[in-house]
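Some notes on the structure that comes next.
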Amino acid sequence: MSAAVSSRTALNVSRETQEKLQILEQELRRWQVIKNLVGPATLDQIWDRHIVDSLQLLELAPDAKTWVDLGSGAGFPGLVVAIVGQERGLKVQLVESNSRKCSFLRHVARLTGSAVTVHAARLETIVPTLVGQVDVVSARALASLTQLLEWTEPMLKAGTTGLFPKGRDAESELTEARKRWTFEADVLPSRTDSDARIIRITSIESHS
């Protein structure tokens, strides 16, 4: 059994939701030929590298009703979160400045019937409008933790939880970020990469 098949069968989702995730996979492969939405080397690992990796974030915020994903790219994690969270009524906003990626996000959201709003804009213009409006903010492979906190500080101060997947440099990024802020952070293991971590931030205060 291939790794991809194993990952699919291991997902704790309904058959309908799994079919929607398969639509995401199929459309990504189809669009990738022309649009180059993800790193070509990751295409053979879509389920582990992208879908399961994204899904684990949703499991860290089981009570979230509203979610915003910054720099959504080809929909990881935001579109996966929206597809799987649809059964519990989760509403997701995706922020992406690249127009071709926005077209892809809207296309797959339409095919899967996902409750998604796509913002074709720079996140600096969208984040201020969402302060106090969302339960979770996520960003994957977008920027350093210090930069992410600079962008999302107003949201985190208003009670939003931050979920930020990081690689093997997670601890050093935390150390650097703590030079500017005091915050509560859980450093959680990644299910898909033993070297990776997920940083969950639940409060923040800037140093005076």
**Message:** Restricting to the stretch 129-141, name every residue that is at pLDDT 95 or above and surrounded by fewer than 18 Cβ atoms within 10 Å (Cβ to Cβ).
**Reply:** THR129, VAL131, GLY132, GLN133, ASP135
**Request:** Considering only the stretch 16-37, state which residues are buried (at least 19 other Cβ atoms within 10 Å of the Cβ) and among the hydrophobic types (A, V, I, L, M, F, W, C).
**Result:** LEU21, LEU24, LEU28, TRP31, LEU37
**Prompt:** Do you know which residues across the stretch 39-78 are within 19 Å of VAL108 (Cα to Cα), touching a Phe, Trp or Tyr at 6+ places or on another chain (Cβ under 8 Å) and part of a loop (DSSP other than H, G, I, E, B)?
**Reply:** ALA74, GLY75
**Asked** Does the stretch 171-204 hold any residues that are touching a residue at least 40 places away in the same chain (Cβ under 8 Å) and assigned to a strand (DSSP E or B), and which are they?
**Response** LEU188, ILE198, ILE199, ARG200, ILE201, THR202, SER203, ILE204
**Message:** Exactly one condition in (1) at pLDDT 95 or above; (2) among the polar types (S, T, N, Q); (3) more than 13 Å from the chain's Cα centre (by Cα) is false for GLN86; which is it?
**Reply:** (1)
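The values are calculated or read from the model by the stated rules, or taken from the named source; none is laboratory data. Since we're looking at a predicted model, the values are computed, not measured. For neighbour counting, all protein chains shown are included, and Cβ atoms are generated from backbone atoms with ideal geometry for every residue, glycine included.
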